[in-house]
Amino acid sequence: LWYYDDNGTSSDTSDDIGFFCGGTVVSPTKILTAAHCVKDENGKNYNWKAYGAVLTGTSQLPTTDSYGNTDLHGGTVSLPLRQWNHPSYSPTTINNDIAVLTLASPVKATPIRMTTSGDTASYAGGTSATVYGWGRTSSTSQDISDTLKSATLTIHADSTCSNVYGSDYVAGHMICAGVQSGSD
């Protein structure tokens, strides 16, 4: 998910807003993402319809050559039509950090299988989960991967997560996972 808004001052990049976030295709026109990707820390919505784009069908981040040509690595760009974020999302506590972008037209990517609200087994302590992202691959560098990565982690019980995160952890709304205590 790519977002860029020059705030009408393209000659002054100090106030430009640009970032990318991950998203998951959950239906041909719906992309599940985090609320912090559609709403800033002050509670103001980013305008994804005007300034956003969704890239599907590739595991590579786009690259631009020295002539300004962008290579989407086989991916397809789609435009958001509207956005929704959880009405109780809190940028302070990161509780209810969930949002959906609705696309103007369907994508060809296969939607991920979703769990149901009653599926507690998928989130039980000891269950394996796979995470995906382009994030940092080293604790000693801020560099991110250009290729989508995945890792298999073990989900921890709510009690373990609460011990690690204290009141920042909201059982039933959050999970924690990792090799150690869930904080990794």
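The values are calculated or read from the model by the stated rules, or taken from the named source; none is laboratory data. Quantities reported herein were computed from a predicted structural model and do not represent experimental measurements. All Cβ positions, glycine included, derive from the backbone under ideal geometry; neighbour counts span all protein chains shown.
Yes/no matrix, rows are residues, columns are (1) within 29 Å of Leu55 (Cβ to Cβ); (2) not small (Gly, Ala, Ser):
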site	(1), (2)
Pro80	yes, yes
Gln83	yes, yes
Ser90	yes, no
Asn95	yes, yes
Ser105	yes, no
Ser128	yes, no
Ser150	yes, no
Ser159	no, no
His173	yes, yes
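Residues are listed down the side, and each one gets a yes or a no for (1) out of contact with any strand residue (DSSP E or B) (no Cβ under 9 Å at 6 or more places or on another chain); (2) more than 28 Å from Gly57 (Cα to Cα); (3) not acidic (Asp, Glu):
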position	(1), (2), (3)
Leu103	no, no, yes
Pro111	no, no, yes
Thr140	yes, yes, yes
His156	no, yes, yes
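The one condition from (1) part of a strand (DSSP E or B); (2) over 29 Å from Met114 (Cα atoms); (3) modelled with pLDDT of 85 or more that Tyr67 does not meet is (1). Of (1) of a type in the set (S, T, N, Q); (2) touching a helix residue (DSSP H, G or I) at 6+ places or on another chain (Cβ under 9 Å); (3) free of Cβ contacts under 8 Å to residues at least 12 places away in the same chain, Thr92 satisfies all except one. Which? For Thr92, the failing item is (2). Of all residues in region 21-38, none satisfies being at pLDDT below 90, at negative phi and either in contact with a Lys or Arg (Cβ under 9 Å, 6 or more places away or on another chain) or exposed (fewer than 14 other Cβ atoms within 10 Å of the Cβ) (or both).
For region 45-56, check the following and say yes or no: at least one residue is closer than 21 Å to Ser145 by Cβ, loosely packed, with under 13 Cβ neighbours inside 10 Å, in contact (Cβ under 8 Å) with a residue 40 or more places away in the chain and of a type outside the set (D, E, K, R). Checked against the condition, which is being closer than 21 Å to Ser145 by Cβ, loosely packed, with under 13 Cβ neighbours inside 10 Å, in contact (Cβ under 8 Å) with a residue 40 or more places away in the chain and of a type outside the set (D, E, K, R), region 45-56 yields no hits at all. Count of region 98-120 residues, restricted to those that are at pLDDT below 95 and in contact with a Phe, Trp or Tyr (Cβ under 6 Å, 6 or more places away or on another chain), is 0.
Within region 130-152, none of the residues are free of Cβ contacts under 8 Å to residues at least 40 places away in the same chain, closer than 18 Å to Gly23 by Cβ and over 16 Å from the mean Cα position of the chain (by Cα). Checking the stated criteria, Ser10 turns out not to satisfy the condition of being polar (S, T, N, Q) and either touching a Phe, Trp or Tyr at 6+ places or on another chain (Cβ under 9 Å) or modelled with pLDDT of 90 or more (or both).
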